[in-house]
1. Please enumerate the residues belonging to segment 123-141 that are in contact (Cβ under 8 Å) with a residue 12 or more places away in the chain and assigned to a loop (DSSP other than H, G, I, E, B).
2. Considering A156, A152, which residue is within 16 Å of the chain's Cα centre (by Cα), part of a helix (DSSP H, G or I) and either more than 22 Å from Y62 (Cβ to Cβ) or modelled with pLDDT under 50 (or both)?
3. Could you give every pair whose Cβ atoms fall below 7 Å, whose first residue belongs to segment 153-177 and is under 18 Å from F40 (Cβ atoms), and whose second residue is buried (at least 20 other Cβ atoms within 10 Å of the Cβ) and of a type in the set (F, W, Y), counting only separations of at least 6 or pairs across chains?
4. Based on this model, can you work out whether D135 counts as surrounded by fewer than 21 Cβ atoms within 10 Å (Cβ to Cβ) and of a type outside the set (V, I, T)?
5. Filter segment 89-118 for residues that are over 15 Å from A152 (Cα atoms), in contact with a Leu (Cβ under 9 Å, 6 or more places away or on another chain) and not hydrophobic (A, V, I, L, M, F, W, C) and give the result.
6. In segment 79-110, what count of residues is obtained for those that are of a type in the set (F, W, Y) and under 18 Å from K137 (Cα atoms)?
Amino acid sequence: MKRIFAPALLILVLAVGGARAGVDVSFGGDVAIGDDANLFFSISSRHYDRDPRVVEDWGRRYFHDPDDLAVAMFLGGHCDNGPEYFFQLRQQGLGWFEISNRCRVPADVYFLPVTHDPGPPYGNAYGHWKKHKKDPKHAVVLNDDDIRRLVAVRMAHEYYRVPVDVAMQWCSSGYDIRRVMNGEYRQRHSGGGKDSGKHHGDDDNGKGEKNKNGKSENGKSGKSNGNGNGNKGGK
């Protein structure tokens, strides 16, 4: 009996564990297809296994930029700290990697296996990681832009079950993670729509895209202050 029960229990545990990171589903009429903010909150809620109201609260009260919201949700899943903790440290000027280190989140969690050199904008980050794997004394150094992109790539890869290189292409297009995730959702579930295919870098008059000054065309703060450590966590 024990020999039958143990494998069955293992299968159940693996199934439950795999279900925590939600994958793509249609939200139907629960989320208006044109509601950018709530669509992204719903996707993030499913992916990070959080109540939609919690994700919305984090997004509206603390992290208005969707890229920073994704990083906060990611870190929240790897430590016991909540949004207030992350928000206060961001207000003090700390970068995401320093916050990650304070939470004792290992650098390995940011990297997905690749079969070739990913090149820019991921090359420097992966270069540090590869050196660290060969020599643990080599410190991994990641700036805010690195963290945001790596979290975005993991989210797109895991949620939509696309190859890592495809997720990397999407997330290097210049669009924020909300535009990437919403665009793919609309392409899959609405037969097109205003964002269909736009996360691949097509022109759409700039909504959700970072301009050369590091700011979104819709007025949100950009990803960098020149060294990749721009603080977007403030109100």
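The values are calculated or read from the model by the stated rules, or taken from the named source; none is laboratory data. Everything numeric here is computed off the predicted structure, so don't read it as measured data. Using ideal geometry, Cβ is built from the backbone for each residue, glycine included, and neighbour counts are taken over all protein chains shown.
1. Residues satisfying the conditions are V140, V141.
2. Unique residue meeting the criteria: A156.
3. These pairs meet every condition: A156/W170.
4. Answer is yes for this residue.
5. Answer for segment 89-118, where residues must be over 15 Å from A152 (Cα atoms), in contact with a Leu (Cβ under 9 Å, 6 or more places away or on another chain) and not hydrophobic (A, V, I, L, M, F, W, C): G95, E98, S100, R102.
6. So the count comes out to 1.
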